[in-house]
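The structure under discussion appears below in the form of C-alpha cells.
The values are calculated or read from the model by the stated rules, or taken from the named source; none is laboratory data. This is a predicted model, so every value here is computed, not measured. Cβ sites come from the backbone with ideal geometry, for glycine too, and all protein chains shown count toward neighbours. For accessibility, only protein heavy atoms count, side chains too; no ligands or nucleic acids. Shrake-Rupley method; radii C 1.70, N 1.55, O 1.52, S 1.80 Å.
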Amino acid sequence: MGKLDIIIIILYFTLIAGVGIYGARRATNSEEYMVAGRNLNFFMYLGCLAAVILGGASTMGTAKLGYEFGLSGIWMVVAIGTGVVCLGIFLSKKISRFKVLTISEMLEKRYNKETRLVSANVAAIYTLMLTVVQMIGIGSLLNVWLGWNLPLCIIIGGGIVFLYTTLGGMWSVTMTDIVQFIVMTVGVFFLMLPLSLSKAGGLGTLNTDLPPAFFNLANIGGDRIFQYFILFTLGLMVGQDIWQRLFTARTPKISKYGTVSAGIYACIYAIALAVIGMCAFILLPNIGDTQNVFAEMAMVTLPPGILGIVLASVASAVMSTASGTIIACSTLISNDVVKRFFKPDINDKQFMLISRLTTVGIGIFSIICAIWIQDILVALDVAYAVLSGALFFPVIFGLFTKKVNARAAFYSIILSAAVILAGLGIQGITATDPIIYGLAVSFVSIVLLSFIPSKKAKGEASVRVG
C-alpha cells in the first residue's frame, strides 16, 4: 500500500473522529445519547440502519463465501436483509408505538420486570458478541494493510471506535454512519465491483473460468442456507441494535419504509460482495486466509488513491456496525439493569455518566474477547444463536397477542437460552440443532405456561369463588 493510500485512510479516520466528536455536542440528555432524540429523517435513518446491519461479517464474510462458494455466498447477508424487510413490514409500526429505549423495556411493559431483566441479559450477550465480530473485522483490516499482528490491530482499531461512541452516543453513531454509508456505497458499488470485474476479465471470463458450481445458488448447501435464515432472519427481527435504530426515526412511516429499503439494499450489497469474491478466485487462487479476501483483492487490483478510498469503505462498514452494537449493549446494561434494578432514582446527568462508563467497559471487554476468538463468522454464529432461539417467540407473542402471560415469557427465555448454550457446548458453536431445540423449547414452554395456571393464580381463583 502506497503513501497516498495511507494518507487517505488516515484522513478518513480523522474525519470520522471529528464527526463523532461533533456529534457529542448534541448528546445533551439520555434520550439524545441513546436514540438521537427520535428525530431522524428518511435519508439519515436509511443510511444509519444500512450501515449498522452491514458490518465486518457482511463485507469480509460475504467476500470470503463468494471466494469459496460463488454466488451462493450471498445467503448470509440475504438472510439479514430478509429479516430487516420483515421487521419493517410486520413489526415496525407496533414497535414505534412504544416510547422505550430497549427491547427489554418493551417486554416489561408487556410482561413484567423479571422478563425485562432476563431478556436484557440475553440481548446484551448478543450485542456484545456482535461488537466482538466488528473488533475482529477492524483488526483483520489493519493486519492486512499494515502487517502488524492481529491482537495489536484489534486494540488500535477497536479503541478508536469505542472512544467516539463513548463521547456522543447515538448522535455520534448517527453522524459517523451517514458518512460511512456514503463511503461504503461508493467504495463497493462504484469502485471495487467494476474494477474487480475489469481486472478479472469481465462477466464472460467469470462464466468460463470459474467452476460451474459457483453459479449454483445452492452450492453452499441447503442446511447452511437454512441455518442462515434461522440465525439472521429471526435474529434481526428481535435485535436490540436494530430496534434501537427504529426508535430514532422521526415517524412510524419513516421507520417502516426506511427499514424495508435498508433490507433491500443489504441484498444488493450481498450480490456485489459475492461477485468480488468470485473475481478474487480467478486473480488470487491461493489466498492463505480467506477471511482477508476483500482486503487482499483490493490491494492487488486497485490503483493508488482508489485503493485508499475502497479500504476506507471497508473500514466504514465495520466501524458503523461496531459503534451501533456498542451503544446497544451499553443501553441494555445501563437502562435495563443498572437504572431499573440498582439506581432507579438517579437523575439524567448521572444516568448519562453511567452509560458512558458502561460503554467504556464494553469496549475494553469486547477487544479482549476479539483477541481470544479471532474468527468473524464463529463469533457471529454464537451471537445470533442465543438471540434467535431465546427472544424471538416472547417478542412476537408479546407484540401480537395478550394471551401470553409474564410467567410464560420469563421461563421461555430462561429455558431456551439454557438449551441453546448447552447444545452449543456439546455440539460445537457452529451447530444448527441447538437453535432449533431452543426455538422449540421457547415455543412449547410459552404456549403451555400461558394456558396452565400457576398455583398462585389457582389460589386467588379459589378465594374469589369462596
Study note, to complete from the structure: Listed by range, helices (runs of 4 or more DSSP H) wholly within segment 43-105 having at least 3 residues that are touching a Ser or Thr at 6+ places or on another chain (Cβ under 9 Å) and under 25 Å from Val179 (Cβ atoms) are 75-86
Review point. Could you list, in sequence order, the residues of segment 1-42 that are among the small types (Gly, Ala, Ser), surrounded by fewer than 16 Cβ atoms within 10 Å (Cβ to Cβ) and assigned to a helix (DSSP H, G or I)?
Key: Gly18
Check your understanding: List, please: which pairs have Cβ atoms under 8 Å, are six or more places apart or on different chains, and start with a residue in segment 50-62 that is farther than 10 Å from Thr321 by Cα and end with one that is outside any helix (DSSP H, G or I) and open to solvent by less than 10 Å² (accessible area, probe 1.4 Å)?
Key -> none
Point to revise | Check on Ile287, β-branched (Val, Ile, Thr), touching a helix residue (DSSP H, G or I) at 6+ places or on another chain (Cβ under 9 Å), under 17 Å from Gly61 (Cβ atoms) and open to solvent by 30 Å² or more (accessible area, probe 1.4 Å) | key: no
**Study point:** Any hit, segment 249-266, residues being within 27 Å of Gly168 (Cβ to Cβ), in a loop (DSSP other than H, G, I, E, B) and at pLDDT 90 or above
**Key:** yes
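Of these, Ile182, Ile242, Ile230, which one is under 19 Å from the mean Cα position of the chain (by Cα), at negative phi, of a type in the set (Val, Ile, Thr) and open to solvent by 30 Å² or more (accessible area, probe 1.4 Å)?
So the residue among Ile182, Ile242, Ile230 that is under 19 Å from the mean Cα position of the chain (by Cα), at negative phi, of a type in the set (Val, Ile, Thr) and open to solvent by 30 Å² or more (accessible area, probe 1.4 Å) is Ile182.
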Check your understanding: In segment 145-168, which residues are more than 16 Å from Ser316 (Cα to Cα), in a helix (DSSP H, G or I) and open to solvent by 10 Å² or more (accessible area, probe 1.4 Å)?
Key -> Leu146, Leu150, Pro151, Leu152, Ile155, Thr166, Leu167
Check your understanding: Can you name the residue in segment 185-207 that is open to solvent by 30 Å² or more (accessible area, probe 1.4 Å), among the small types (Gly, Ala, Ser) and in contact with a helix residue (DSSP H, G or I) (Cβ under 9 Å, 6 or more places away or on another chain) and is also farthest from Phe281 (Cα to Cα) among such residues?
Key -> Ser198
Check your understanding: Cβ-Cβ below 9 Å, separation at least six or inter-chain, first residue in segment 298-323 and in a loop (DSSP other than H, G, I, E, B) and modelled with pLDDT of 85 or more, second open to solvent by 20 Å² or more (accessible area, probe 1.4 Å) and of a type in the set (Lys, Arg): which pairs?
Key -> Leu302/Lys199; Pro304/Lys3
